[in-house]
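A.B. asks: Structure incoming, see below.
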Amino acid sequence: MSALPPPIRVERIHPLNQRPPEPKGPVLYWMSRDQRAADNWALLHAQREAWVREAPLVTAFCLVPNFLGATLRAYAFMLRGLAETETALRSLSISFVLLRGDPRHDVPALAERMKAALVVTDFDPLRIKTQWREAVAAALRVPLVEVDTHNIVPARYASPKQEYGAYTLRPKLRKLLPDFLTPIPAPRRHPWVWRQDPGPVAWDEVLKQLRVDRSVGEAPDLAPGSAAGLRVMRRFLREKLAEYPRASRNPAVDGLSNLSPYLHFGQVSAQRVALEVSRAAVPAPARDTFLEELIVRRELADNFCLYNSHYDSPEGFPAWARQTLSDHARDPRPYVYSRERLEAGDTHDELWNAAQHEMVQTGKMHSYLRMYWAKKILEWTRSPDEALQTVIELNDRYEMDGRDPNGYAGAAWSIGGVHDRPWGERPVFGKIRYMSYNGCKSKFDIAAYIRRIRER
Ligand code: FAD
Ligand code: FO1
């Protein structure tokens, strides 16, 4: 028998209960956030634990309907990616089970049925996931361990508390990156086969039977799955990375990586992207600007959701922001739009309307405009509470990368000054950073952007 797979870094592993490990029996990897076979530290840890026991390795994904308001657009992308991942796992003799119901019941039930010696799951700071993991940890008679395979530097290890901003987290990440931005071994063909394997999933049936809001259709330009995601990454490296600092701030051109849907569903590993970008023959400023977003901004969002339980409400805003927004709560709003008018992209602002249409039609609004878009919603609704709720609901309904810590941090930054500082005081916004149409006009060709969206 070939040698044991190498251990993963212990800082990625976080025990979720104190059950004693079983020396015998198959290992279950409950996959949730990181829906890929390659570059997956949780899978690698589960494989090593199964190898030690000379036992089968089983992967399970628990499919729930209506996850944080997700529609057909998100589920179709996710399920097609999972189908590809199942094929990759089966080619390594790693079993795959699709559970459909409530993970708090279905995961312990499967672990019991298969007499699992240990259950491994991946890290996700969202409240719903924390609730799932706590319930499963309590129900299991065997250990449940969490592995952070979404962040390059594990979130719990990078910092023990909520960080004020990128400037406080960046030095901590910089110090640790050499230890964690390392090559990732490939999973191995697994020698021990699970006899009760139910066989391949009928994914087309699953999608057809899924009780999901089908009013938001699939995104035409986003091809799902790990292979497609890696193609998008390679194209970005080849054609766009060198120009990224300038082009990424210009919504009139296609200058972004377009990796967020693949990162959100864990179909592509951020560590894989960072390794490839670090090796790319491009000017250092281009590389550093992109890695600032991919590593610092993204891990700052996980840090925010991990340590701030109010990450999706105004209570999560810093005190200065709550104060200034309340000081200006009664300022007259020159425009107030209903949820329907906003959702229809039917306001007096042509730039804002184009951004709303980009999100609804393509499932991915340009980064620069997401800030402008959210801040205008603060300006055009009756209260910051209503604004935050509107931003989160529209974002999570239409964005392919929605329902993600990046989104909750992005919304809180735009409306509640999270990870930002006080700016010059003005009506409605108080000291929250303001963005204006003329500000955008000085930065990029608005007409060209609007044309790009219209001509799609
Ligand atoms: P690129 O510029 O190519 O960035 C590459 C990767 O870096 C992104 O995929 C992302 O993982 C990370 N990144 C880039 N910018 C940020 C950022 N500001 N914060 C955190 N990580 C970042 N991102 C989401 O993934 N899901 C969301 O729902 C989401 N909602 C947002 C809402 C608002 C109001 C704001 C201001 C930002 C939001 N963002 C969200 C962050 C950012 O806009 C997107 O990550 C980015 O547009 C994704 O496109 P890209 O991968 O082509 O970007
Ligand atoms: N995770 C699951 O474990 N089961 C699901 O059924 C599920 C559905 C889902 C739908 C849309 C979406 O954007 C995410 C979804 N996720 C699901 C969670 C996802 O894997 C991510 O972990 C979080 O959304 C990001 O933290």
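The values are calculated or read from the model by the stated rules, or taken from the named source; none is laboratory data. This structure is a prediction, so every number in the text was calculated from the model and none was measured. Virtual Cβ from ideal backbone geometry, glycine too; neighbours counted across all protein chains shown. Just the protein is used for accessible areas: all its heavy atoms, side chains included, with ligands, DNA and RNA removed. Shrake-Rupley method; radii C 1.70, N 1.55, O 1.52, S 1.80 Å.
A.B. asks: List the relative contact order of the stretch 60-207 as a percent without decimals, with contacts defined as Cα pairs under 8 Å and 6+ residues apart.
C.D. replies: Working: 125 pairs, mean separation 45.6, N = 148.
This gives 31 percent for the stretch 60-207.
A.B. asks: Excluding Ser226 itself, calculate the net charge of residues whose Cβ lies under 13 Å from the Cβ of Ser226, where each Lys or Arg counts +1 and each Asp or Glu counts -1.
C.D. replies: +1
A.B. asks: Please work out how much length the chain gains when fully extended from Glu112 to Ala202, using 0.36 nm per residue of separation minus the C-alpha to C-alpha distance, in nm with one decimal.
C.D. replies: Numbers: separation 90, 0.36 × 90 = 32.40 nm, distance 2.42 nm.
Once the chain is fully extended between Glu112 and Ala202, it gains 30.0 nm.
A.B. asks: Given +1 on the Cβ of Lys and Arg, -1 on the Cβ of Asp and Glu, and no further charges, what dipole in debye does the chain carry about its Cα centre, rounded to the nearest 20?
C.D. replies: That gives a dipole near 720 debye.
A.B. asks: Moving on to the next point. How large is the convex hull of the C-alpha atoms of the stretch 231-368 per residue, in Å³?
C.D. replies: 158 Å³
A.B. asks: I'd like the distance separating the alpha-carbon centroids of the stretch 185-250 and the stretch 344-421, in whole Å.
C.D. replies: Taking the Cα centre of each part, the stretch 185-250 and the stretch 344-421 sit 25 Å apart.
A.B. asks: Bin width 20 Å, origin at 0, all Cα-Cα pairs of the chain: what percent of pairs per bin?
C.D. replies: All Cα pairs considered, the percentages come to 24, 56, 19, 1.
A.B. asks: Would you mind telling me the share, in percent, of accessible area of the stretch 1-93 contributed by carbon and sulfur at probe 1.4 angstrom?
C.D. replies: Values: 2060 of 3420 Å².
Exposed carbon and sulfur together represent 60 percent of the surface.
A.B. asks: Same structure, new question: In 10 Å bins starting at zero, report the fraction of Cα pairs in the stretch 68-178 per bin as a rounded %.
C.D. replies: Each 10 Å bin holds this share of Cα pairs: 11, 31, 34, 21, 3.
A.B. asks: Just add up the charged neighbours of Pro200: K/R +1, D/E -1, any other residue whose Cβ is under 14 Å from the Cβ of Pro200.
C.D. replies: With Lys, Arg at +1 and Asp, Glu at -1, the net is -4.
A.B. asks: I've got another one for you. Per q in 0.12, 0.20 1/Å, what log10 I(q)/I(0) does a Debye calculation on the alpha-carbon atoms of the stretch 238-315 return?
C.D. replies: So the normalised log intensities work out to -0.41, -0.94.
A.B. asks: Leaving out ligands and nucleic acids, note down the accessible area per residue over the stretch 89-155 with a 1.4 angstrom probe, in whole Å². Working shown, then result.
C.D. replies: Working: 2150 Å² over 67 residues.
Using a 1.4 Å probe on heavy atoms only, each residue of the stretch 89-155 averages 32 Å².
A.B. asks: Another question about this same structure. Compute the accessible area per residue over the stretch 397-456, keeping the other protein chains in place, probe 1.4 Å, unit Å². Each step should come with its number before you reach the end.
C.D. replies: Working: 2690 Å² over 60 residues.
Result: 45 Å² per residue.
A.B. asks: Let me ask something additional. Loop-only check: which trypsin sites (Lys or Arg not before Pro) in the stretch 180-246 are DSSP coil with at most 14 other Cβ within 10 angstrom?
C.D. replies: On the way: sites: Arg188, Arg189, Arg195, Lys208, Arg211, Arg214, Arg231, Arg234, Arg235, Arg238, Lys240, Arg246; in loops: Arg188, Arg189, Arg195, Arg211, Arg214, Lys240.
In loop regions of the stretch 180-246 (DSSP not H, G, I, E or B), the sparsely surrounded trypsin sites (Lys or Arg not before Pro) are Arg189, Arg195, Arg211, Arg214.
A.B. asks: Further question on the same structure: Roughly what angle does helix 367-379 make with the longest principal axis of the chain, taking Cα atoms, 0 to 90 degrees, to the nearest 10?
C.D. replies: 60 degrees
A.B. asks: Have a look at Ala412, Ala447, Ala387 and report the one farthest towards the positive end of the charge dipole of the stretch 357-456, computed about the Cα centre with Cβ charges (Lys/Arg +1, Asp/Glu -1).
C.D. replies: Going by the charge dipole, the pick is Ala447.
A.B. asks: Give a quick list of GluC sites (Glu not before Pro) in the stretch 1-108 that DSSP marks as loop, anything other than H, G, I, E or B, with at most 10 other Cβ atoms within 10 Å. Numbers along the way, then the final one.
C.D. replies: Working: sites: Glu11, Glu49, Glu54, Glu84, Glu86; in loops: Glu54.
Passing sites in the stretch 1-108 are Glu54.
A.B. asks: Computed from the mean reciprocal separation of all distinct C-alpha pairs, what Kirkwood hydrodynamic radius does the stretch 58-105 have, in Å? Mind dumping the intermediate values first?
C.D. replies: Working: mean 1/r = 0.0855 Å⁻¹.
Roughly 11.7 Å, rounded to one decimal.
A.B. asks: Just the ratio, please: alpha-carbon radius of gyration of the stretch 110-151 over 2.2 N^0.38 Å, N its number of residues.
C.D. replies: After normalising by residue count via 2.2 N^0.38 Å, the value is 1.19.
A.B. asks: Between Ala60 and residues 5 or more places away or on another chain, which pairs have amide H atoms under 5 Å apart, with H built 1.01 Å from N, and which residues are they?
C.D. replies: Tyr29, Trp30, Met31, Val97
A.B. asks: Would you list, by chain and number, the lysines whose Cα falls below 27 Å from the Cα of Lys443, excluding same-chain residues fewer than 8 positions away?
C.D. replies: Output for Lys443: Lys240, Lys364, Lys375, Lys376, Lys431.
A.B. asks: Taking amide H positions as placed in the peptide plane 1.01 Å from N, state which residues far from Leu118 in sequence (5 or more) or on other chains have amide H under 5 Å from it.
C.D. replies: For Leu118, the qualifying residues are Leu28.
A.B. asks: Moving on to the next point. Report the chymotrypsin sites (Phe, Trp or Tyr not before Pro) located in the stretch 259-341 that are in a DSSP loop and have at most 14 other Cβ atoms inside 10 Å of their Cβ, or state none.
C.D. replies: Passing sites in the stretch 259-341 are Tyr335.
A.B. asks: Summarise the accessible area of the stretch 237-284 (1.4 Å probe, protein heavy atoms) by the percent that is carbon and sulfur.
C.D. replies: Result for the stretch 237-284: 52 percent of the exposed heavy-atom area is carbon or sulfur.
A.B. asks: Once the Cα atoms of helix 41-52 and of the chain are each reduced to a long axis, what angle between those two axes, in degrees from 0 to 90 to the nearest 10, is obtained?
C.D. replies: Helix 41-52 sits roughly 10 degrees off the main axis of the chain.
A.B. asks: Which order do peptides 100-107, 342-349 fall in by mean Cβ count within 10 Å, highest first?
C.D. replies: Final packing ranking: 100-107, 342-349.
A.B. asks: Please report, as a whole percent, how much of the solvent-accessible surface of the stretch 106-176 comes from carbon and sulfur atoms (probe radius 1.4 Å).
C.D. replies: Using a 1.4 Å probe with all protein chains present, the stretch 106-176 comes out at 57 percent carbon and sulfur.
A.B. asks: Right, next: How many Å² of accessible area per residue for the stretch 221-363, probe 1.4 Å?
C.D. replies: Heavy-atom SASA per residue in the stretch 221-363 reads 42 Å².
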